[in-house]
1. Any chance you could list P(r) for the range 256-448, counting all Cα-Cα pairs in 10 angstrom bins from zero, rounded to whole %?
2. Determine the gain in length on full extension of the stretch Ile361-Arg344; use 0.36 nm per residue of separation and subtract their C-alpha separation, reporting nm with one decimal.
3. For the pair Asp265/Ala427, report the inter-label distance in nm, with labels modelled 7 Å from Cα in the Cβ direction.
4. Using a Förster distance of 30 Å, how high is the FRET efficiency between Ala310 and Asp398, based on the Cβ-Cβ distance and rounded to 0.05?
5. For the range 117-200, rounded, prolate or oblate, judged on the Cα gyration tensor with a ≥ b ≥ c (square roots of eigenvalues), a/c < 1.5 rounded, else prolate if a/b > b/c?
6. Among DSSP beta bridges lying fully in the chain, give the percent that are antiparallel, nearest 5.
7. If packing is taken as the average count of other Cβ atoms within 10 Å, what order do 341-348, 414-421, 22-29 fall into, highest mean first?
8. Between 0 and 90 degrees, rounded to the nearest ten: what's the tilt of helix 107-121 against the longest Cα principal axis of the chain?
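A short reminder: the numbers here are calculations on the coordinates, not readings from a lab. This one's a predicted model, so the numbers in the text were calculated from it and none came from an experiment. With ideal geometry, Cβ positions are generated from the backbone for all residues, glycine too; neighbour counts draw on all protein chains shown.
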Amino acid sequence: MQERGLLFVGGEWVAPSTNRVIEVVSPHSEQVIARIAAPAAEDVDRAVDAARKAFEEGPWPRLAPSERVAAVRRLSESYEPLREEAARLITAEMGAPITFSRSTQAHLPWAMMRAFADIAVGFPWEENRPGFFGRDVIVQREPLGVVSAIVPWSMPLLLAVMKLVPALLAGCPVVLKPSSRTPLDAYLLAELLEQADLPPGLVSVLPGGRELGRYLVSHFGVDKVSFTGSADAGWQVAAACGAAFKPVGLELGGKSAAVVLDDADPAAVAAGIRASGLANGGQTCVAQTRILVPRNRYGTFVDALASMVASLTVGDPYDPATEVGPLASRQQQERVRGHIERGREEGARLITGGTDLPDGIDRGWYVRPTLFTDVDSEMRIAQEEVFGPVLTVIPYRDEEEAIRIADDTPYGLSGSVWTPDLDRGLAVARRVRSGTFGINQAYNMDPAAPFGGVKDSGMGRELGKEGIEGYLEVKSISIALP
C-alpha cells in the first residue's frame, strides 16, 4: 500500500491545502492499493502562480534551446532504468497487461523523450526571410506561456510525456493533471523531475478528477490548455477556452475503421487486429474496432476474426501470458457491458464474448473479448466509441462503399487498410478522412510524425515538430536600415 501525503507543486513536495485523499483501486483485485493527497482549488492556484513566476521571471523561457534539450536528455537518461518500475505501476493502477505496459506504456515515453530532444536540435527557433518589400524579416518562435496539460487514465505516462516534454522544450512551464485513477506513474515522473535540476516553479503534478480539471482549464493564469480525453469533455474544454480566447489542443475519441481489401490474407488480418483493435483491452483512442470486409469474402474473414477473439488469454494482468486484462474501472466495465447489450438489441449478431465475466474469473473489472457481425454502420455499436475489447464487422460491396463507411462516423482520428498491394492501400489511405492512418497495421505512433484527429476527434497535433510548434508563439520582426 502506497501512502503519499504531499503534492508536487512548482518542483517541490508540499503539504496539500486539505486532508482529502484519493484512493487508487486495483482493477484486478478491486482492493485499494494506494492513498494519495487530493489537491483542491487552492493547490491549483499555488501551482499556477509558481508557473507564472517561472514564465515571467525565471530563466527557463530565456535559455538557449540547446540548454533545454540537455535537460530533457538528462530526464530520459534518469528514466531509462526505471521503465520496469513504471510498467508495474501502470499495470497496478489501470490493469494493462504487463507485456503491453513494458512494450508500450513504459517504453514509448522514453523513446519520445529522446525523439523530441532530437527534433528540438534541428527546430527553426529563429529564421531570416527576405521580405516581399525588399526588407529583411526575422521570424522568431518563442514560448507561449503557462500550459495546463490534462491526461486520461488509458495511456497515462505516454500521454503525459507527449505534452510535458514538447512544452518544456518550447520554454513553457506546465501544470500537469493526471487522472485520479492513475496517479502512481505521475508521481514517479514527478520524482524524476525533482532530480532533473529544473528551475523553481517549472512543473507541478496535481492528480484529480473533472472538477479539478475544469478549474484548471478556466484558470486566468493558464495561457494554453492541452487536453486528451473524451469528445464530450473536449467540447466543454473547447468552450471554456474559446470564451477566454485561450488556445487549446484537443486529442479526443476515435472509432477507427480497418478497411480489409479483397486480396488480404484472413490470418494476417486477424493477427493484425489482435494488436491494433484489442491492445490495452481496447482502451486506446486509435483502436481499430470497426472492421470493414468485402461481402464476397465475408464468411472467411469472420471465421478468422472469431477464432482470434475466442483464443485471447484473459486474466491477471501481471501474468506475462495475459493478452487482455481488466478494464480500468467499474464505471468503464459497466459502460462497455451497456454497449454490448445495445449491440444485441440493435440486431447485431454476437459471435463470441458477451457481458458475463470471463471463465475462471470471479472478481475484477473484466469484460470478455467480444465480436459482433452483421453490423450496420448506423448502429450505435458501430458509431460510438466503446473503449473496450469489442469488435464489429461490417460488410461492404466495393472500395467506394468501404471508404464511405470508414468516414461514416463523427470521428476521424485514425484508420487502417489491409492489402498486399501497397499501391491500392496507399490510394485508400489518401482518401479516408482521418488525422492518421496505417497500411497493414494500426497507425504506428511515430514520435517524428504529427499525431491528432479531425472532426470530433479533436484539433491540433502532437508529436513531430508540430508537437513543439503547438507551444510556441510566432513573432515577425521587420528590419529597415537607418
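1. Spelled out bin by bin, the range 256-448 gives 10, 40, 36, 13, 1 percent.
2. So the extension gain works out to 3.8 nm.
3. Going by the 7 Å Cα→Cβ label model, 2.3 nm.
4. Calculated value: 0.50.
5. Verdict is prolate for the range 117-200.
6. Here the antiparallel bridges make up roughly 45 percent for the chain.
7. With the highest mean Cβ count within 10 Å placed first, the list reads 414-421, 22-29, 341-348.
8. Tilt relative to the chain: about 40 degrees.
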